[in-house]
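The values are calculated or read from the model by the stated rules, or taken from the named source; none is laboratory data. From a predicted model like this one, the values you see are computed outputs, not experimental measurements. Positions of Cβ are backbone-derived with ideal geometry, glycine not excepted, and every protein chain shown enters the neighbour counts. Just so you know, the surface numbers come from the protein's heavy atoms only, side chains and all, with ligands and any DNA or RNA stripped out. Shrake-Rupley method; radii C 1.70, N 1.55, O 1.52, S 1.80 Å.
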Amino acid sequence: MSNPPSVDNDTGCLRAVLAVPILLLTLIAALFCWAALTIRPSGPWDDEAYAAIILSCVVTIGATAAVTALWLIPSVRRIIPWWCISPSLLLGIVAGVQWMNQS
């Protein structure tokens, strides 16, 4: 008689599969957070630069929210530890502070 497969055998593969969207969303958040921090308006009249900074902050916070929403799924939370989403959360906090400084 063969033993039924253990559920814990797939944790490594499942971790790798779930890490892909988390990694991609974190990279997107990092790119837009970097853009929000490096864009410098030419003066108080440069509305396009201010709009680009705010848009970059919104995209960063959106990507962070997507990572957090993905992690909050109970089956994902059992496989992926909380510290795997901490870079994305940090980027979201930085983008939020940058957005508040622009207002």
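Remarks
- The condition (being farther than 15 Å from GLY92 by Cβ, exposed (fewer than 14 other Cβ atoms within 10 Å of the Cβ) and over 13 Å from the mean Cα position of the chain (by Cα)) is satisfied by just one residue among PRO21, PRO44: PRO44.
- Residue match in region 40-50 (condition: of a type in the set (A, V, I, L, M) and in contact (Cβ under 8 Å) with a residue 12 or more places away in the chain): no
- ILE61 vs. criteria under 10 Å from the mean Cα position of the chain (by Cα), under 12 Å from TRP99 (Cβ atoms) and either touching a residue at least 12 places away in the same chain (Cβ under 8 Å) or in a helix (DSSP H, G or I) (or both): yes
- Hits in region 76-103 - residues which are more than 11 Å from the chain's Cα centre (by Cα) and open to solvent by 60 Å² or more (accessible area, probe 1.4 Å): ARG77, ARG78, TRP82, TRP83, VAL97, TRP99, MET100, ASN101, SER103
- Flag if LEU27 is at pLDDT below 95 and hydrophobic (A, V, I, L, M, F, W, C): no
- Which numbered condition THR64 fails, given (1) modelled with pLDDT under 95; (2) open to solvent by less than 40 Å² (accessible area, probe 1.4 Å); (3) among the β-branched types (Val, Ile, Thr): (1)
- Index of the failed condition, LEU55 passing every other in (1) at pLDDT below 95; (2) open to solvent by 80 Å² or more (accessible area, probe 1.4 Å): (1)
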